[in-house]
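The values are calculated or read from the model by the stated rules, or taken from the named source; none is laboratory data. Since we're looking at a predicted model, the values are computed, not measured. Here the Cβ positions follow ideal geometry from the backbone for every residue, glycine too, while neighbour counts run over all protein chains shown.
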Amino acid sequence: MFLEKDRNGNQRQGWVEVICGSMFSGKTEELIRRLNRARIAKQKVEVFKPAMETRYDEEDVVSHDDNKSPSIPVQNASQILFYAEDFEVVGIDEAQFFGNELVSVCNELAERGKRVIVSGLDMDFQGKPFGPIPQLLSIAEYVTKVHAICIRCGSLANYSHRTVASDQLVMLGEKDLYEPLCRSCFFQALKD
């Protein structure tokens, strides 16, 4: 393992940041905001997303508010190590779609002195922990949980309720398939 140096020749300290929450909570928006601030600071930034995530764009990371950041779509988390070599800040969107291998990738990047910013759903449509996010939350130095607004009662929402019948874990969709709900409305919806 090698450790990168900052502009002054000092060993750069790396860390992991996780932005999590339900659908429509602003996770990608917050990721893009942090990446843009790093670019303003003249840091070398690269963003990655799962190649399967093509809802808004084949390559760019795009928020629900249509803010964009160029990215590199990858088939698996280990590819990020290859592409991220020359960057100081590494963004990863839709992290829930990567396997648990993403945890070791993020750890390795941080150990190399990189700032790693990960964004993803912390729960699936059933309200269960989703993919590598729970493990990433435990190793991260910084965790931000963002919330949507429950479309049924107006409270803070942290559940992504699927509005169509399907047991398939991964089902790419938008407001046509999902709605943000608070705890109370989510568990009521499961009963209905």
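Within region 70-82, identify whether any single residue is part of a helix (DSSP H, G or I), surrounded by fewer than 18 Cβ atoms within 10 Å (Cβ to Cβ) and modelled with pLDDT under 95, and answer yes or no. Yes, there is a match, as at least one residue in region 70-82 is part of a helix (DSSP H, G or I), surrounded by fewer than 18 Cβ atoms within 10 Å (Cβ to Cβ) and modelled with pLDDT under 95. Condition check for Ser71 on (1) closer than 24 Å to Leu169 by Cα; (2) out of contact with any Leu (no Cβ under 8 Å at 6 or more places or on another chain): one failure, at (1). Within region 16-51, the set of residues being of a type in the set (A, V, I, L, M) and surrounded by 14 or more Cβ atoms within 10 Å (Cβ to Cβ) comprises Val16, Val18, Ile19, Met23, Leu31, Ile32, Leu35, Ala38, Val45, Val47, Ala51. Which residues, taken from region 139-175, are part of a strand (DSSP E or B), of a type outside the set (A, V, I, L, M) and crowded, with 21+ Cβ neighbours inside 10 Å? Passing the criteria: Tyr159, Ser160, His161. Residues of region 107-138 that are touching a strand residue (DSSP E or B) at 6+ places or on another chain (Cβ under 6 Å) and either without any contact (Cβ under 8 Å) to a residue 40 or more places away in the chain or exposed (fewer than 15 other Cβ atoms within 10 Å of the Cβ) (or both): Phe130 alone.
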